[in-house]
């Protein structure tokens with residue numbers, strides 16, 4: 001029997017509430033599969049840890065995590081710690097330190113979900129955004145000078161390396177090749193950012209020569225934002241820089257009904273380091289402690305984790321169980337117009353998973 005060791009970081013806010021439901025469903029998937037086991041180590045890193053210790057995670061945190069097969073992450077950030085500290089103290093060091101350069105965020109309209117767009121049905125919204133995840137606009141290069149003076153200046157520099165751009169674009173082409181429609185949209189703003197994003201576009205064209213079977217197009221980010229809303233059925237795989245893909249994928253979650261549904265995977269495709277799996281929704285401090293957070297994004301992220309580990313059947317069963325529960329429409333969380341609690345929804349998905357497994 002295959003054994004997997006998972007590092008679990010519930011993190012902050014509703015991450016602490018949805019994480020147990022994700023683990024519940026993962027444990028059910030392992031049980032009904034009978035072919036693998038999941039072992040967990042829990043780490044209390046996050047904003048509470050920062051207030052106690054003065055750091056979001058210990059100095060040797062990456063070394064501790066490196067031995068695990070995967071990382072299951074809840075959320076980071078809370079109002080009692082500035083965002084630039086919480087993000088750059090936990091999530092970004094893991095993504096950058098472990099070369100998790102491919103951030104994958106599916107947008108899929110599930111059965112029974114009242115999507116935000118008129119006349120869109122199941123099957124109309126089914127695309128994946130590939131986000132460059134280790135450099136670009138989030139590289140952290142820059143600084144401030146003359147603080148507090150009238151001449152104060154702040155500089156934030158985007159970093160685009162040939163290695164970084166080429167590897168994410170090549171990953172996106174490979175992903176597009178694995179999907180039936182074999183379409184890839186390249187999103188930049190190269191008419192305004194004449195150095196970095198023309199560089200990106202040039203590399204996209206170069207790499208594209210290796211994939212003549214893939215239909216490609218180049219779209220400016222503002223036009224793509226409109227297209228997410230007006231014609232999402234035209235999209236298959238979308239690749240974009242760190243910042244642009246981050247913004248677009250929030251819109252991708254919204255048009256599918258709620259950010260609470262959206263999963264993501266931070267992948268080191270070469271598997272030199274563990275990959276990390278987390279929902280897109282963030283810590284949502286406004287609803288923390290009420291037991292109403294939507295756990296589907298966390299549960300679905302667990303399915304992405306199992307798929308990456310090679311347990312594809314179990315991953316597909318989880319997604320099928322999610323679809324079955326939303327399709328029934330009896331148990332939906334408040335963000336989807338229902339009244340089900342976080343735990344009730346987790347229980348329902350786990351129960352349906354057992355039914356589907358036979």
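What to note about this one:
- Range of Cα positions in the range 175-311 per principal axis (Å), largest first: 49, 34, 28
- Between residue 290 and residue 218, the FRET efficiency from the beta-carbon distance, with R0 = 41 Å, is close to 0.40.
- For the peptides 350-357, 300-307, 132-139, residues were scored by their other Cβ atoms within 10 Å and the scores averaged per peptide; the highest-first order is 300-307, 132-139, 350-357.
- Rounded to 5, percent antiparallel among DSSP beta bridges of the range 1-71: 0 percent
- Intensity falloff of the range 62-150 expressed as log10 I(q)/I(0), Debye formula with alpha-carbon point scatterers, at q = 0.18, 0.24 Å⁻¹: -0.99, -1.21
- For the range 296-330, the residues whose backbone nitrogen is under 20 Å from a point 7 Å from the Cα of residue 255, taken along Cα to Cβ, are 297.
- Taking all pairs of distinct alpha-carbon atoms in the chain, Kirkwood radius in angstrom: 21.0 Å
- Contact order normalised by residue count of the chain, Cα under 8 Å, 6+ apart, percent: 24 percent
- Part-to-part distance (alpha-carbon centres) for the range 274-297 and the range 82-160, which is given in Å: 16 Å
- Note on residue 87 and residue 153: the extension gain reaches 21.5 nm, defined as 0.36 nm multiplied by sequence separation minus the Cα-Cα distance.
- Modelled this way, with points 7 Å down the Cα-to-C-beta line, the labels at residue 191 and residue 247 are 1.5 nm from one another.
- Percent antiparallel among DSSP beta bridges (both partners in the chain, rounded to 5): 40 percent
- Per-residue [θ]222 nm for the chain (sum of -39500 (n - 2.57) over DSSP H runs n ≥ 4, rounded to 500): -12500 deg cm²/dmol
- All Cα pairs of the range 10-111, percent lying beyond 22 Å: 40 percent
- For the range 197-310, the relative contact order comes to 19 percent (Cα pairs under 8 Å, sequence separation of at least 6).
- Distance from the alpha carbon centroid of the range 315-334 to that of the range 230-260 works out to 21 angstrom.
- Shape box of the range 41-96 [Cα atoms, principal axes, largest first, Å]: 32, 19, 17
- Packing-based order for 61-73, 101-113, using average beta carbon neighbours within 10 Å, highest first: 101-113, 61-73
- Each peptide in 328-340, 85-97 gets a packing score, the mean of other Cβ atoms within 10 Å over its residues, and the list from highest to lowest is 85-97, 328-340.
- Extension gain from residue 118 to residue 51, taking 0.36 nm per residue of separation minus the Cα-Cα distance: 19.6 nm
- Using the Cβ-Cβ distance between residue 206 and residue 233 with R0 = 41 Å, the FRET efficiency computed as 1/(1 + (r/R0)^6) comes to roughly 0.90.
- Quotient of Cα Rg and 2.2 N^0.38 Å for the range 116-255, N being how many residues it contains: 1.17
- Gained length - residue 31 relative to residue 178, 0.36 nm times residue gap less alpha-carbon distance: 50.0 nm
Each value in this text was obtained by applying a stated rule to the coordinates, not by laboratory testing. None of the values given here were measured: they were computed from a predicted structure. Every residue, glycine among them, receives a Cβ derived from its backbone with ideal geometry; neighbour counts consider all protein chains shown.
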